[in-house]
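K.L.:
Sharing a structure, written as structure tokens. Questions coming.
The values are calculated or read from the model by the stated rules, or taken from the named source; none is laboratory data. Since we're looking at a predicted model, the values are computed, not measured. Glycine gets a Cβ as well: all are built from the backbone with ideal geometry, and neighbour counts include every protein chain shown.
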Amino acid sequence: MSDVLKLEAPLGNVLRKSKLRGITSIISSFQAIDNDKIELKKNEESDKNKSLDEIQVIANRFITIKRLEQILRSIEALHNHSHIHRDLKPDNFLFGLGMKSHIVHLIDFGLCKNYRHPLTYEHILYRTGKTLTGTARYCSLYTHHGLEQSRRDDIECLSYIIIYLAQGFLPWMSIKNSNRKKRNEKLMEIKESLTSKELCSNLPYEFELFYKYSRTLSYTQRPDYGYLRNLLMTLINRLKEKFDYIYDWHLIVKLFKENLDAGRPILPKKRTT
């Protein structure tokens with residue numbers, strides 16, 4: 001194993017000590033597997049938390065821009081601690097409970113690894129021929145092509161997530177094939193064939209800019225998190241959405257009560273298109 005990948009301390013200890021908002025408060029403990037991977041042990045309470053995907057189905061409404069900004073900050077914090085996630089997806093973002101229900105927590109660090117040495121900041125080497133690590137639906141095109149992952153892959157992955165959460169689907173979600181390799185190849189083919197305008201049709205222009213930017217990043221380049229935040233803040237201001245950290249989760253109880261009082265189904269049907 002390259003010296004670049006060797007850690008002075010397990011990732012769990014680093015994150016617990018860092019007190020990162022939206023990352024550590026949902027985690028009870030870590031078990032080190034090796035120097036660049038960890039396994040997350042969920043506590044009993046975390047099973048009660050709702051993921052972004054679940055809340056989108058329950059609330060049946062667009063993801064709020066306010067939440068996306070918080071998600072971006074969580075990923076930036078992880079990157080600042082020399083790690084990439086490599087498996088970002090809606091199920092790996094959970095809402096807190098009780099007084100922390102306004103916080104979106106990043107979880108599941110089982111595929112997380114160092115992209116640079118935590119002390120020297122020496123970046124890991126560029127490699128090809130890697131197997132697909134993560135979730136094919138949301139992973140980057142570089143990952144599909146077997147390239148070593150870096151920060152740019154987390155950002156591209158996030159762009160697919162926010163597009164999915166905003167419109168409720170991705171064009172390649174309908175791909176069905178019992179052969180995983182063939183399914184992933186077809187999925188990659190569709191991802192590559194779509195222009196940014198086609199992928200982000202009927203969405204605010206800022207979503208397209210977010211995706212296009214993710215595709216311009218080089219292997220070792222530090223993402224401009226400030227630029228991405230500004231895209232979201234510009235959209236917030238344009239839509240005149242108050243940045244108050246009041247999220248969809250707070251509206252779900254009201255939605256349930258209204259549906260119950262009106263004799264309607266409590267849970268809306270899940271969108272399948």
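K.L.:
So R116 ticks every box in (1) out of contact with any strand residue (DSSP E or B) (no Cβ under 7 Å at 6 or more places or on another chain); (2) in contact (Cβ under 8 Å) with a residue 40 or more places away in the chain; (3) among the basic types (K, R) but one. Which box is left unticked?
P.N.:
Among (1) out of contact with any strand residue (DSSP E or B) (no Cβ under 7 Å at 6 or more places or on another chain); (2) in contact (Cβ under 8 Å) with a residue 40 or more places away in the chain; (3) among the basic types (K, R), R116 violates only (1).
K.L.:
What number goes with the only condition from (1) surrounded by fewer than 18 Cβ atoms within 10 Å (Cβ to Cβ); (2) touching a strand residue (DSSP E or B) at 6+ places or on another chain (Cβ under 6 Å); (3) within 22 Å of L68 (Cβ to Cβ) that D154 does not pass?
P.N.:
Among (1) surrounded by fewer than 18 Cβ atoms within 10 Å (Cβ to Cβ); (2) touching a strand residue (DSSP E or B) at 6+ places or on another chain (Cβ under 6 Å); (3) within 22 Å of L68 (Cβ to Cβ), D154 violates only (1).
K.L.:
Could you grab me the full set of residues in segment 222-236 that are surrounded by 18 or more Cβ atoms within 10 Å (Cβ to Cβ) and farther than 13 Å from L68 by Cα?
P.N.:
P223
K.L.:
Only one of T131, T135 is among the polar types (S, T, N, Q) and touching a residue at least 24 places away in the same chain (Cβ under 8 Å); which?
P.N.:
T135
K.L.:
Scan segment 214-230 and give yes if some residue there is in contact with a Cys (Cβ under 9 Å, 6 or more places away or on another chain) and under 29 Å from R116 (Cα atoms), otherwise no.
P.N.:
Yes, that holds for at least one residue.
K.L.:
Inside segment 126-140, can you point out the residues that are farther than 15 Å from K181 by Cα and either of a type outside the set (S, T, Y) or assigned to a helix (DSSP H, G or I) (or both)?
P.N.:
R127
K.L.:
Filter segment 105-119 for residues that are touching a helix residue (DSSP H, G or I) at 6+ places or on another chain (Cβ under 7 Å), at pLDDT below 90 and surrounded by fewer than 22 Cβ atoms within 10 Å (Cβ to Cβ) and give the result.
P.N.:
Result: I107, D108.
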